[in-house]
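Single-structure report; data block below.
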Amino acid sequence: MSVYAIYFSPTRSTEKIVKLLAKEFGTYGEIDLSKQNSGENVRAFKEEDICIFGVPSYGGRVPAPALERMKKMKGNKAKAVLVAVYGNRAYEDTLLELKEQVDLCGFHVTAAVSAVAEHSIMHQFARKRPDAKDKKELKAFAEKIAHKIKSGDEKEISVPGNKPYRKYNGVPLKPKAGKDCKGCGLCAQVCPVGAIPAESPKKTDKSKCISCMRCIQVCPKKARKVNKLKLKIASMKMKKACEDRKKNELFL
Ligand SMILES: Cc1cc2nc3c(=O)[nH]c(=O)nc-3n(C[C@H](O)[C@H](O)[C@H](O)COP(=O)(O)O)c2cc1C
């Protein structure tokens with residue numbers, strides 16, 4: 001039996017949460033779907049394997065590159081645990097969309113989790129989450145999931161979400177490099193969708209950019225930013241929906 005932490009996680013909150021859950025099952029392998037070439041190879045799993053799939057919610061949906069990169073996986077009835085990580089607004093159809101893809105790949109979905117993490121665009125929402133309370137709760141979720149799997153309980157789960165899925169057209173916040181950019185190219189190397197040309201990393205291809213904010217997070221000079229005014233307006237619009245502390249949930 002092998003355990004895998006499989007995640008799309010541009011700013012690494014999803015990665016942290018998936019690993020926190022995976023740790024409860026012992027040692028685990030990692031598949032990082034944030035890497036541009038990560039969907040190229042066929043990956044086949046065994047029935048006894050446990051795969052923990054984590055994605056952030058983008059507009060209440062699974063980020064398109066994450067879905068695309070899962071398509072060549074062959075579940076062969078391996079057990080899947082789904083994790084939707086969201087920035088304290090809502091995750092709407094994310095778990096349902098993730099479940100449908102994972103089902104299509106031939107996994108058996110045994111549990112699902114929604115978990116709150118600091119908003120990767122508007123950091124004032126869910127700041128510093130997952131915090132100690134979240135971590136304790138997520139650990140308890142993992143124990144319950146492990147118990148379900150160990151006991152051989154194969155009960156199908158249902159997750160919240162509606163069809164047709166919410167429309168998602170991206171967010172109009174595309175990071176740009178300012179005068180502090182030294183052209184080191186680190187952002188171009190790690191961009192999940194190749195939106196930053198390696199030969200001129202000051203530029204961003206807006207048609208490819210998914211606004212994941214990874215380039216801002218990794219820039220050693222803090223030279224990449226989104227438009228301040230647009231960010232402020234977006235934050236004001238989101239304030240009411242994001243203010244109160246949202247909860248983590250377990251679906252077993
Ligand atoms: C483009 C984009 C769209 C987002 N949409 C939502 C959303 O609809 N609801 C929400 O609660 N959080 C939303 N968030 C916040 C992320 O889901 C959250 O910060 C998550 O932890 C980011 O995961 P990561 O750190 O693994 O990249 C969005 C973030 C980005 C970058």
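Just so it is clear, none of the values below were taken in a lab; they were calculated from the coordinates. Just so it is clear, the structure is predicted and the values come from calculations on it, not from any experiment. Cβ coordinates were reconstructed from backbone atoms using ideal geometry, including for glycine residues, and neighbour counts include every protein chain displayed.
Would you confirm whether any residue within segment 103-112 is buried (at least 18 other Cβ atoms within 10 Å of the Cβ), more than 16 Å from Val18 (Cα to Cα), away from the ligand (no atom under 15 Å from the Cβ) and touching a residue at least 12 places away in the same chain (Cβ under 8 Å)?
Applying the first criterion (buried (at least 18 other Cβ atoms within 10 Å of the Cβ)) to segment 103-112 yields 105, 107, 109-112.
Cutting the leftovers down to more than 16 Å from Val18 (Cα to Cα) gives us 105, 107.
Restricting the remaining residues to those that are away from the ligand (no atom under 15 Å from the Cβ) gives 105, 107.
With the extra rule that they be touching a residue at least 12 places away in the same chain (Cβ under 8 Å), the set shrinks to 105, 107.
Within segment 103-112 (the criterion being buried (at least 18 other Cβ atoms within 10 Å of the Cβ), more than 16 Å from Val18 (Cα to Cα), away from the ligand (no atom under 15 Å from the Cβ) and touching a residue at least 12 places away in the same chain (Cβ under 8 Å)), the answer is yes, since at least one residue qualifies.
A quick yes/no check of all residues on (1) over 18 Å from Asn88 (Cβ atoms); (2) in contact with a strand residue (DSSP E or B) (Cβ under 8 Å, 6 or more places away or on another chain):
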| position | (1), (2) |
| --- | --- |
| Lys206 | yes, no |
| Arg224 | yes, yes |
| Lys228 | yes, no |
| Glu249 | no, yes |
| Leu252 | yes, yes |
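Looking only at segment 12-21, decide whether some residue is within 15 Å of the ligand (Cβ to nearest atom), among the β-branched types (Val, Ile, Thr), over 24 Å from Gln124 (Cβ atoms) and in contact (Cβ under 8 Å) with a residue 12 or more places away in the chain. If you could, list the steps in order and put the result at the bottom.
Keep residues of segment 12-21 that are within 15 Å of the ligand (Cβ to nearest atom), which gives 12-21.
Subsequent filtering for residues that are among the β-branched types (Val, Ile, Thr) retains 14, 17-18.
Within this subset, residues satisfying the condition of being over 24 Å from Gln124 (Cβ atoms) are 18.
This time we only want the ones that are in contact (Cβ under 8 Å) with a residue 12 or more places away in the chain, so: 18.
Yes, there is a match, as at least one residue in segment 12-21 is within 15 Å of the ligand (Cβ to nearest atom), among the β-branched types (Val, Ile, Thr), over 24 Å from Gln124 (Cβ atoms) and in contact (Cβ under 8 Å) with a residue 12 or more places away in the chain.
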